[in-house]
Amino acid sequence: MPYPVSIRLEPSLTNRNRLTTAFRLILAIPHLILVGGIGFGAASGGNSRTTVGGEGGLLGAVAILLAIVSWFTIVFAGSHNAGIRQFTSFYLRWRVRALAYFMLLEDVYPPFGDRPYPASIEIADPPGPRDRIAVGLRILLAVPHFIALFFVLLAWCLTTIAAWFIILFTGSYPQGLYEFGVGALRWRLRVEAYMLLMVDEYPPFSLT
């Protein structure tokens, strides 16, 4: 069965916009503030304070707070508030567009809000009662993905630096590097949807 979170992109390999590629990080800043970047990992701060996950911008912070609320409603009542699901879906739709642009996978500037874009995400509603045990242990269950994604996203960072120079000099994105970037985005967002309690199915360890 296909995983209930699917990410689709329209390949953009040739005739890339070299100017917007050169200044992509600067151009993406407004979206990064609102829906965050690609970061993912575990970090420890002073006073034994620990944070797990990647930055999700202002809207992502709201989505995390709503996921905490949903954790209690699902574990104790077995229900996921429809309004929370709608907001989280909205956030993830915006996020996939912003990340596709930031990661050089698309050239078209992403819209602010919900409008058509060459990158999209679809999240299927859970088919039956929620798995309260899987929700209750969600952070522990996701630890293997946190570890794997650290290395996947590190590799993505290195390959994207190479792709950035190649696009500037040739105007084309090598297909192998592009497919790896798309795979890293898919993996990243599947795990994020899982952590935000949108699905109960365990994410695959896969770039496809």
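The values are calculated or read from the model by the stated rules, or taken from the named source; none is laboratory data. These numbers come from a predicted model, not from an experiment. Note that we place each Cβ from the backbone using ideal geometry, even for glycine, and neighbour counts take in every protein chain shown.
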Would you check if there is a residue in region 60-73 being modelled with pLDDT of 95 or more, surrounded by fewer than 20 Cβ atoms within 10 Å (Cβ to Cβ) and among the aromatic types (Phe, Trp, Tyr)? yes
Is it fair to say ALA134 is within 27 Å of ALA67 (Cβ to Cβ), of a type in the set (A, V, I, L, M, F, W, C) and in contact with a helix residue (DSSP H, G or I) (Cβ under 9 Å, 6 or more places away or on another chain)? yes
Tally time: how many residues in region 167-183 are farther than 16 Å from PHE102 by Cα and surrounded by 12 or more Cβ atoms within 10 Å (Cβ to Cβ)? 4
Would you please name the residue that is farthest from PHE72 (Cα to Cα), looking only at residues in region 169-205 that are touching a Phe, Trp or Tyr at 6+ places or on another chain (Cβ under 7 Å) and part of a loop (DSSP other than H, G, I, E, B)? PRO204
Go through region 105-142 and give me each residue that's of a type in the set (Val, Ile, Thr), out of contact with any strand residue (DSSP E or B) (no Cβ under 7 Å at 6 or more places or on another chain) and either loosely packed, with under 15 Cβ neighbours inside 10 Å or part of a loop (DSSP other than H, G, I, E, B) (or both). VAL108, ILE133
Going through region 143-165 one residue at a time, which ones are without any contact (Cβ under 8 Å) to a residue 24 or more places away in the chain and surrounded by 16 or more Cβ atoms within 10 Å (Cβ to Cβ)? THR159
